[in-house]
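Below is one structure; the comments refer to it alone.
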Amino acid sequence: MENHKPYHLPNESADGTQLLMEKLSKVAPSCFTEVRDEQTGELRRVVNFKTLRQLLGDDAVEDEKEYYEFTWPGKFDARREAAKPISKTLRPVVEDSSDWDNTENVYIEGDNLEALKLLQKSYLGKIKMIYIDPPYNTGNDFVYHDDFAETQDEYDLFAGNKDEEGNRFRKNTDINGRFHSDWCSMMYPRLQVARTLLSEDGYICVSIDDNECTNLIEMMNEIMGESNFYASFIIVRSEGGGLAKRAVIGHDYMVVYAKNILNALPLGRPKDIRGKIVEKDGEKYWIETDWFREVFGKYGTCHYEDILKFYNEGKKNEIDEGIKEGKYVLIPRDNKHIIGRYRKVADDTSKFYTILKSLNKNGVLDLKKMELDKYFDYPKPVSLIKDFIQGVTIHSIKDCNVILDFFSGSATTAHAVMQLNAEDGGKRKYIMVQWPELTDEKSEAYKAGYKNICEIGKERIRRAGKKIKEENPDWNGDTGFRVFRVDDSNKVEVARSPRDLNQGDLDLFLDNIKPDRNDLDLLFGCMIDWGMEFALSQPMATEEVDGCKIYSVNGNDLVACFAESITERVIERMAEMEPVRVLFRDSCFGRDDEKINVFEKFKQALEWNDDQAINNIRVI
């Protein structure tokens, strides 16, 4: 019988071209063939375009002089950039996290295109909703400049895209000859990769204004499919006229597409819902907080403490009696209490109207309550994002719906997810992604100690979570988050020719892991490379055997050990856990025969055949 040893994990993100080929092979397997790779000598699967052309018949275009197409200078490179794999990883930052051991929320610092690519293997088809508020391209916004040709350092040096701190984006002014092209080249690959993360019943919602709304829709039609267009909502964001050269622009847009319109349920909200949803006597109720306006006139949100100011003793007695009977409830608000009353929740939902009011000042007020309003100019209101999250997830409120925002900014989306969960008992989780854009040294944020936007965003989540729990003392939901940073691979680059190596370099082959990386770096890096579902939020535990630390992820989904020279007892204990996957580090073993021995031990203990062992055991 042939002896095997564990295979190494791949060291790259998902290859977009291969993902596309896998989908194509399911619908058109006959157009695939094999050729021998000139460099490796191995056979590889490729598409035979002649066969594909025959399958498509007359429904293909090659040399037509005129046909409808949305394009711009740089589109080819942008499309290629979306498919290109990267050798990066996500490193855990426990010290910046909140409730690390228990939370399922995630905050990622770094380039959002790289983050999206790194999420592909673990979150492919797992995201219920994507919301983004990208740069509107007003002539003052910053846009990413991705590496399409040269190495990143060469490109950035030539183009001047890095400042002295290494930031990889620059202001896209309206005098730039590639003003719209640069914005499209930035957005296209991000939208293309983001689509792969959406579940089949998922939605993507994008805030935008007139500057790029038309181009956005053209890109979304191409990437998402025109048939999956749901609606373009008009968001009324300001009141009053003010000074304007032409018309006063008082609205933005929310462009919404489904991943697959045939699978996605319509956006909706419970009818007449204007407050917190609770269960009472086995029934669902919402707590109406502005009912005074309808019943008693102008003092529509009267605090309980102010009843005698506006009403008589009889009214106070009536309210007190209603509270005792469970007819009314007191809700803490601004050091006082709002008087809410229970109203039964209707089972049906109401559809969204395409004109929604969501004033800019409300977003500022949201931040002002947490004393963070000085640090962002145009934050989106929590209520707006909350409405759309509720609209997408209303039919699966108790499921673990994941909401992704890869232009996180002030982290309004994270705030909205927590707020909505507190109101309706939902189990939604979020993934926020934000480039650590430096704050201006003259800004209030910098003076307050926030050196980049990520620091403000994380603080906003902490304060929002605390406030939500104070206002909802009976709710015990998740307000924590795990922080990760996009970084270079955990592995040392050893792809060099022999003439480039010296004696000291040979040590790299003894241990190919960078010296500054710890066990958690390796564990999460491997979970991402292996494609474990929801890798970044899985619960984990540790135990020690013979001085070696053993990690178990989500029960027995993954059992790992990275210690030097592991013992027989360590192997036995890991096998006792009946793991689905097993992970080691090369340096756990002194010789190849020890790897083979471990391979055979797991086969025997878990009754795996050769194929199962090959698939389930990996080393790094």
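Just a few scattered comments:
- When segment 183-230 is filtered for residues that are open to solvent by 10 Å² or more (accessible area, probe 1.4 Å) and within 15 Å of ASP252 (Cα to Cα), the ones remaining, listed by number, are ASP209, ASP210, ASN211, CYS213, THR214, ASN215, ILE217.
- Of all residues in segment 419-441, those that are touching a residue at least 40 places away in the same chain (Cβ under 8 Å) and in a strand (DSSP E or B) have Cβ atoms under 7 Å from Cβ atoms of residues that are aromatic (Phe, Trp, Tyr) and open to solvent by less than 10 Å² (accessible area, probe 1.4 Å), 6 or more apart or on another chain, in MET432/TYR107; VAL433/PHE406.
- Wholly within segment 203-321, strands (runs of 3 or more DSSP E) carrying at least 1 residues that are modelled with pLDDT under 80 and within 24 Å of the chain's Cα centre (by Cα): 268-270
- Selection from segment 370-391 of residues that are more than 11 Å from LEU420 (Cβ to Cβ), open to solvent by less than 50 Å² (accessible area, probe 1.4 Å) and within 22 Å of the chain's Cα centre (by Cα): PHE376, PRO379, LYS380, PRO381, LEU384
- Test: residue in segment 536-546 that is part of a helix (DSSP H, G or I), within 35 Å of the chain's Cα centre (by Cα) and within 20 Å of LEU90 (Cα to Cα): yes
- For the residues LEU52, LEU90, the requirement of being closer than 25 Å to ASN260 by Cα and surrounded by 13 or more Cβ atoms within 10 Å (Cβ to Cβ) singles out LEU52.
- Of the residues making up segment 552-611, those that are free of Cβ contacts under 8 Å to residues at least 24 places away in the same chain, within 19 Å of GLN538 (Cα to Cα) and not small (Gly, Ala, Ser) number 1.
- Taking the criterion of being within 37 Å of the chain's Cα centre (by Cα) and surrounded by fewer than 16 Cβ atoms within 10 Å (Cβ to Cβ), the residues of segment 551-576 that qualify are GLY555, ASN556, GLU564, GLU576.
- Taking segment 582-620 as the range and being out of contact with any helix residue (DSSP H, G or I) (no Cβ under 9 Å at 6 or more places or on another chain) and surrounded by fewer than 17 Cβ atoms within 10 Å (Cβ to Cβ) as the test, the residues that pass are GLY590, ARG591, ASP592, ASP593, ILE596, GLU607, ASP611, ASN615.
- For segment 471-491, residues that are open to solvent by 50 Å² or more (accessible area, probe 1.4 Å) and outside any strand (DSSP E or B) total 3.
- Sub-8 Å Cβ pairs linking a first residue in segment 378-397 that is without any contact (Cβ under 8 Å) to a residue 24 or more places away in the chain to a second residue that is surrounded by fewer than 21 Cβ atoms within 10 Å (Cβ to Cβ) and in a helix (DSSP H, G or I), at least 6 apart or interchain, are TYR378/ASN360, ordered by first then second residue.
- Within segment 577-620, tally of residues that are assigned to a helix (DSSP H, G or I) and of a type in the set (A, V, I, L, M, F, W, C): 9
The values are calculated or read from the model by the stated rules, or taken from the named source; none is laboratory data. Note that the structure is predicted; figures quoted are calculated from it, not measured. As a convention, Cβ positions derive from the backbone with ideal geometry for all residues, glycine included, and neighbour counts pool all protein chains shown. Accessible surface areas use protein heavy atoms only, side chains included; no ligands, DNA or RNA. Shrake-Rupley method; radii C 1.70, N 1.55, O 1.52, S 1.80 Å.
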